[in-house]
Amino acid sequence: MNTDRFTLTTDEYLAETDVFFYLHDAVTQLLEHRDEYVRFGVVRYFAEYFASVKDRTHVLFREFGYVKATPRNRAAFIRIFWRCFRQIGKSGDLLTVLEYSSLLQLLCPDFPAELVQNAARIVLMEDAMDCPISFSDFIYSFQIQFYYEEFLESVLVIYDDLLEGKNPNTVIVPTSTLAEPSSGTANEETDTQDGVDSFQDGVDLSQDGVDLSQDGVDLSQDGVDFLQESVNTSQEGVDSSIFLARIGGLCERFKHKHPSVSAVGEILEVRMRVSYYSFLMALAKHEGVNHHIGALPNRSDLLIDPEMDQELERLVAQVTISPTSNSSGSAAGHKDAPKKASPRKPLRQRHRMDLESDGSTEETDSSEN
């Protein structure tokens, strides 16, 4: 929630906190499940609904449209994902993009796989999308991609424009052809002089032919170096100062749904050039951005959750102790209770009884006859 919320008007506060959205959803859920909720009271239903919103458990098993509807919902979903699958990080397991997508869909059945792939690209830099990723790397990248999804889409458009040279501060002058001579005589004189120059250049080129042939090996090696330089240049990205200026203007349009301008400045001011995914990785690692979202702890505390650990220990204790207590209780009861004849008889005894029964039946039949 914004720190200067007390300076907002009533309408501004309601709009910023999405109160009307939650009221509308609460009424919609009540009408759809009327028979279930009316039995224990409408007042109690609304109390429990908004208590779940306050505790950030309201997005569990909801549809993706609801999960992404508000910043609070997105942060709540990120936090639930962390608390549910934190043990993966503690065990040190590395999972693929498909496996992370499956985990997210356990919490939100229609969660799109494309968003998970975009989060993985921040870590892998599009090198190999099938490589496994650690839990800590994935979850912070997923947080940035999911929480600021619309903002990052606009940042990518700015980045692509700058990469293609579409800088609004640069005046692009179109190329033009040379001016045509005003008279045919001038053209003829120019052509004649060009012919002499071409003949002289031809002599020079023939003399340089030997040198060019000797430098062929060096030129081929330089070609490889040039290609490597081109790759490195493309990876360096765009000018950081221009990129920062464009993002600053973008933040004004997105209001509070963007990383803080100061955090973006801290990332870009220390670099001469930056690529799109290196910028996103820096955002994912920035503690200030993580604190602003408020869903995950610092990286040093990511695998620590005392409250959840206590809950897990309690559940494990119940699972391990309950069968033992039941069996001991039943054993004690078995000693005190009188012994009862078992309704089931041994197989040999049952077979003997069947034979006797068959014999008696034949005897009865013969006597009747």
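The values are calculated or read from the model by the stated rules, or taken from the named source; none is laboratory data. Since the structure is predicted, the reported quantities are computational estimates derived from the model, not experimental observations. Backbone-built Cβ (ideal geometry, glycine too); neighbour counts: all protein chains shown.
Things worth noting here:
- Filtering the stretch 241-266 to residues that are of a type in the set (Phe, Trp, Tyr) and crowded, with 16+ Cβ neighbours inside 10 Å leaves only Phe243.
- Residues of the stretch 53-69 that are in contact (Cβ under 8 Å) with a residue 40 or more places away in the chain and buried (at least 18 other Cβ atoms within 10 Å of the Cβ): Val59, Arg62, Val67, Lys68.
- Whichever residue in the stretch 288-308 is loosely packed, with under 13 Cβ neighbours inside 10 Å and part of a loop (DSSP other than H, G, I, E, B) and, among such residues, is modelled with the highest pLDDT: Asn298
- Test for Ser278: is it over 27 Å from Pro71 (Cβ atoms) and either in a loop (DSSP other than H, G, I, E, B) or modelled with pLDDT of 75 or more (or both): no
- Residue count, the stretch 243-275 (criterion: among the acidic types (Asp, Glu) and either assigned to a helix (DSSP H, G or I) or at pLDDT below 90 (or both)): 2
- Going through (1) touching a residue at least 60 places away in the same chain (Cβ under 8 Å); (2) in contact with a Lys or Arg (Cβ under 9 Å, 6 or more places away or on another chain); (3) more than 19 Å from Glu287 (Cα to Cα); (4) surrounded by fewer than 20 Cβ atoms within 10 Å (Cβ to Cβ) one by one, Ser136 falls short only on (3).
- Hey, Ser240 touching a strand residue (DSSP E or B) at 6+ places or on another chain (Cβ under 6 Å), at pLDDT below 95 and closer than 29 Å to Pro71 by Cα or not: yes
- Count - residues of the stretch 59-108 that are over 15 Å from the mean Cα position of the chain (by Cα) and assigned to a loop (DSSP other than H, G, I, E, B): 9
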